[in-house]
Ligand code: SAM
């Protein structure tokens, strides 16, 4: 295989090294520079593939100068960008580099492969026609609850990356805010102990509070049922009622919380109603 000069965004396995594609191996072989998150992690992969390559550490805290230098190299030859596992840019470094390379007119190519979000969706048995991936939930309880409230009424399957130590707390927050929506925990995908466990958030919170899970986790929440999705008429009616005893600001806050909607939009609607 031969490759034009440019920046190649190369997916690597999420656990099973046999998931490396032939094109991914060929482009790494052809690369003059491999931009890596952690040279020890990628060093092991390159060693496994029998490749000896010049690695350069890169992450989203790298300087503009580091990016410029990778982009200059990608004008002349093949530069590969990898992360520790899976697809770069998906909860991993690379966004600023890809953006800067495109702005600089350098060709950017994808070498697709594993990504935990897609791997989990493909086997968890929850709807896949419409999904929203939201990376890692915030660690602090208040920020996590706010993030979940913001997503509660979106008519889509929700997907998060999660860690074993935080899983039970996240499931408890989901049970509090989302009730009985179906949840799946996909763990150690493509590895020896791969499993998908499904149930309500409360059931899974009990299971994982009793025993903290080991390994890497994707948390998936099925879409809300039709009757929990806010209907514009219901929202207006609730807002109108709240306005009888509250200011526009307070009513907007209360109804935003109740329906999991944006406060700013409801405030605008509430002031409009007050003026009517
Ligand atoms: N870029 C990667 C991708 O495309 O999947 C994700 C990188 S993110 C820093 C790492 C997180 O992905 C882990 O904490 C876990 O939530 C999820 N993950 C990665 N590999 C996994 C696996 N084999 N099984 C389940 N989840 C995995």
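For the list (1) out of contact with any helix residue (DSSP H, G or I) (no Cβ under 8 Å at 6 or more places or on another chain); (2) within 16 Å of the ligand (Cβ to nearest atom); (3) assigned to a loop (DSSP other than H, G, I, E, B), I need the number of the one condition that residue 113 fails.
Unmet for residue 113, out of (1) out of contact with any helix residue (DSSP H, G or I) (no Cβ under 8 Å at 6 or more places or on another chain); (2) within 16 Å of the ligand (Cβ to nearest atom); (3) assigned to a loop (DSSP other than H, G, I, E, B): (1).
Quick one: in segment 116-129, of everything that is surrounded by 16 or more Cβ atoms within 10 Å (Cβ to Cβ) and in a helix (DSSP H, G or I), which residue is nearest to the ligand (Cβ to nearest atom)?
Step one: of segment 116-129, the residues surrounded by 16 or more Cβ atoms within 10 Å (Cβ to Cβ) are 116-121, 124, 126.
Narrowing the set further to residues that are in a helix (DSSP H, G or I) leaves 116-121, 124.
Numbers: 116: 3, 117: 6, 118: 8, 119: 7, 120: 6, 121: 11, 124: 11 Å.
Only one residue tops the list, namely 116.
If you scan segment 130-140, which residues turn out to be assigned to a loop (DSSP other than H, G, I, E, B) and away from the ligand (no atom under 12 Å from the Cβ)?
The first filter runs over segment 130-140 and keeps only residues assigned to a loop (DSSP other than H, G, I, E, B), leaving 130, 137-140.
Within segment 130-140, 130, 138, 139, 140 qualify.
Of everything in segment 202-221, what is closer than 21 Å to residue 127 by Cβ and under 19 Å from the mean Cα position of the chain (by Cα)? Give them in sequence order.
Matches in segment 202-221: 217, 218, 219, 220, 221.
Mind checking which residues of segment 87-138 are over 20 Å from residue 154 (Cα atoms) and out of contact with any strand residue (DSSP E or B) (no Cβ under 9 Å at 6 or more places or on another chain)?
First pass over segment 87-138, keeping only residues over 20 Å from residue 154 (Cα atoms): 87-116, 119, 122-123.
Passing the criteria: 95, 96, 99, 100, 103, 104, 105, 122.
For (1) under 19 Å from the mean Cα position of the chain (by Cα); (2) farther than 16 Å from residue 144 by Cβ; (3) more than 10 Å from the ligand (Cβ to nearest atom), each residue gets a yes or a no:
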{"site": "171", "(1), (2), (3)": "yes, no, yes"}
{"site": "185", "(1), (2), (3)": "yes, yes, no"}
{"site": "188", "(1), (2), (3)": "yes, yes, no"}
{"site": "191", "(1), (2), (3)": "no, yes, no"}
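When residues of segment 130-144 are filtered for being under 17 Å from the mean Cα position of the chain (by Cα) and either exposed (fewer than 14 other Cβ atoms within 10 Å of the Cβ) or farther than 16 Å from residue 222 by Cβ (or both), how many remain?
8
Every number in this text was worked out from the coordinates using simple rules, so none of it is lab data. Keep in mind the model is a prediction, meaning the values are calculated, not measured. Counting neighbours? That spans all protein chains shown, and the Cβs are built from the backbone with ideal geometry, glycine included.
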